[in-house]
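Step one of this worksheet: look at the structure below.
The values are calculated or read from the model by the stated rules, or taken from the named source; none is laboratory data. As the structure is a prediction and not an experimental result, all values here were calculated from the model. Don't worry about glycine lacking a Cβ; one is built from the backbone with ideal geometry, like all the others, and counts go over all protein chains shown.
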Amino acid sequence: MPELPEVEVVRRGLERWVAGRTVDAVEVLHPRAVRRHAGGGADFAARLTGETFGVARRRGKYLWLPLAEREMSVLGHLGMSGQLLVQPEDAPDEKHLRIRVRFRDGAGTELRFVDQRTFGGMSLHESVADGTDGYEEGLPDVIAHIARDPLDPLFDEAAYHLALRAKRSTIKRALLDQSLISGVGNIYADEALWRAKLHYERPTATLTRPRSTELLGHVRDVMNAALDAGGTSFDSLYVNVNGESGYFDRSLDAYGREDEPCRRCGTPMRRRPWMNRSSYFCPRCQRPSRAAS
DNA sequence: CCGGCGTCCTGGGGGC
DNA sequence: TGCCCCCAGGACGCCG
């Protein structure tokens, strides 16, 4: 389940293995993998052929490859189970291979998008300036609404706090709202809330500025720890751009630890159904406030 | 306008 | 053993 740290590991792989290479041919093997591309698979392949990739960029869980000679970018999202692999051209196709990008150089490798559950995909979009960065970053127009992520030096912390105070929502919802702060998924939300000793249904409007600053610090800490470890991997579905599995799950304090002792106080951790998914928390360290159930 | 929920998808696992 | 149902969840669309 790739979140920001895993996507960043993939971005680094793309920067190293794909930047500067020119596309020779593209094969779209599953239409759902390009469902976000307006013209469909054939159009995606035709438009990409002959183009040269720039340096991969990332915002939250989205990553994109700017085209060197156009104000356009190839947008990628890994969804739940997506992988971007740089493989030898003669390596056998993966079972869930969805898109293949061949290159014109003689490097002997190709880029593959592999995705079992097909929540992810690739698509080509116009680039747009967002007011702070220029066209050279190639931000795809369709993700202009995605907020900067907490590891971005230009993340607007003051605006984030103001938005939290203004919302009539709860903290975990707000952490997962990609238009407020991007890159946080279910796993790191639970981890950061556990570290901050905050209940997932704490109303955002009750968070003081110091408290929300502290939470943000925990979000950054848990993401940086995962980055240092090379990305989190839970079910071997996630593999980085070179096909190496991440590792980090041993370090999780909350996610997936139902009935296991809290690493702070020993109380059995709980799992609660929440928004068609789960929230893991310590019932003692993370007490709900009066307004929450 | 915005919060909240349904939907997409597939393989693994649990229960009967 | 085999089958069925549930579960995982990111992001978007729609409803109230």
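Which residue is nearest to A:Arg220 (Cα to Cα), if the candidates are limited to region A:45-101 and must be hydroxyl-bearing (Ser, Thr, Tyr) and crowded, with 17+ Cβ neighbours inside 10 Å? Walk me through how you get there before you give the answer.
First pass over region A:45-101, keeping only residues hydroxyl-bearing (Ser, Thr, Tyr): A:49, A:52, A:62, A:73, A:81.
Of the ones still in play, those that are also crowded, with 17+ Cβ neighbours inside 10 Å are A:52, A:62, A:73, A:81.
Details: A:Thr52: 33, A:Tyr62: 18, A:Ser73: 28, A:Ser81: 23 Å.
The residue in question is A:Tyr62.
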| said: Let me confirm something: among A:Gly76, A:Gly60, which residue is in contact (Cβ under 8 Å) with a residue 60 or more places away in the chain and within 16 Å of DNA strand C (Cβ to nearest atom)? | reply: A:Gly60
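Taking the criterion of being farther than 25 Å from A:Arg117 by Cα, away from DNA strand C (no atom under 16 Å from the Cβ), among the acidic types (Asp, Glu) and assigned to a loop (DSSP other than H, G, I, E, B), would at least one residue in region A:17-28 satisfy it? Explain how you work it out, then say what you get.
Taking region A:17-28 as the starting set, the residues that turn out to be farther than 25 Å from A:Arg117 by Cα are A:17, A:19-24.
From what is left, the residues that are away from DNA strand C (no atom under 16 Å from the Cβ) are A:17, A:19-24.
Then keep just the ones that are among the acidic types (Asp, Glu); that gives A:24.
Now drop any that are not assigned to a loop (DSSP other than H, G, I, E, B), which leaves none.
No, region A:17-28 contains no residue that is farther than 25 Å from A:Arg117 by Cα, away from DNA strand C (no atom under 16 Å from the Cβ), among the acidic types (Asp, Glu) and assigned to a loop (DSSP other than H, G, I, E, B).
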| field | region A:152-171, subset of a type in the set (Gly, Ala, Ser) and either more than 16 Å from DNA strand C (Cβ to nearest atom) or modelled with pLDDT of 90 or more (or both), residue nearest to A:Asp190 (Cα to Cα) | value | A:Ala163
| request: Note down all Cβ pairs under 7 Å where the first residue falls in region A:140-162 and is touching a residue at least 40 places away in the same chain (Cβ under 8 Å), the second is assigned to a helix (DSSP H, G or I) and of a type in the set (Val, Ile, Thr), and they're at least six residues apart or on different chains. | output: A:Pro150/A:Val219
| Quick one: A:Ser169 ticks every box in (1) of a type in the set (S, T, N, Q); (2) within 11 Å of DNA strand B (Cβ to nearest atom); (3) closer than 29 Å to A:Phe44 by Cβ bar one, so which box is it? | (3)
| Among the residues of region A:29-55 satisfying the criterion of being in contact with a strand residue (DSSP E or B) (Cβ under 6 Å, 6 or more places away or on another chain) and of a type in the set (Val, Ile, Thr), which is nearest to DNA strand C (Cβ to nearest atom)? | A:Val34
| Which of (1) part of a helix (DSSP H, G or I); (2) more than 14 Å from DNA strand C (Cβ to nearest atom) is the odd one out, the single condition A:Glu191 does not satisfy? | (2)
| Those residues of region A:115-129 which are within 16 Å of DNA strand B (Cβ to nearest atom) and farther than 16 Å from A:Gly40 by Cα, in sequence order | A:Asp115, A:Gln116, A:Arg117, A:Phe119
| Here are some residues: A:Ala226, A:Ala254. Which one is away from DNA strand B (no atom under 16 Å from the Cβ) and at pLDDT below 90? | A:Ala226
| message | Quick test for you: out of A:Gln178, A:Gln116, pick the one residue that is assigned by TED's automatic domain parsing to the domain that holds A:Ala42, within 10 Å of DNA strand C (Cβ to nearest atom) and modelled with pLDDT under 90. | response | A:Gln116
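So which of A:Gly217, A:Gly231, A:Gly266 is at pLDDT below 90 and small (Gly, Ala, Ser)?
Details: A:Gly217 fails: at pLDDT below 90; A:Gly266 fails: at pLDDT below 90.
None of the others qualify; the one that does is A:Gly231.
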| task | Take region A:86-108 and flag every residue that is assigned to a strand (DSSP E or B) and touching a helix residue (DSSP H, G or I) at 6+ places or on another chain (Cβ under 9 Å). | result | A:Val86, A:Arg98, A:Ile99, A:Val101
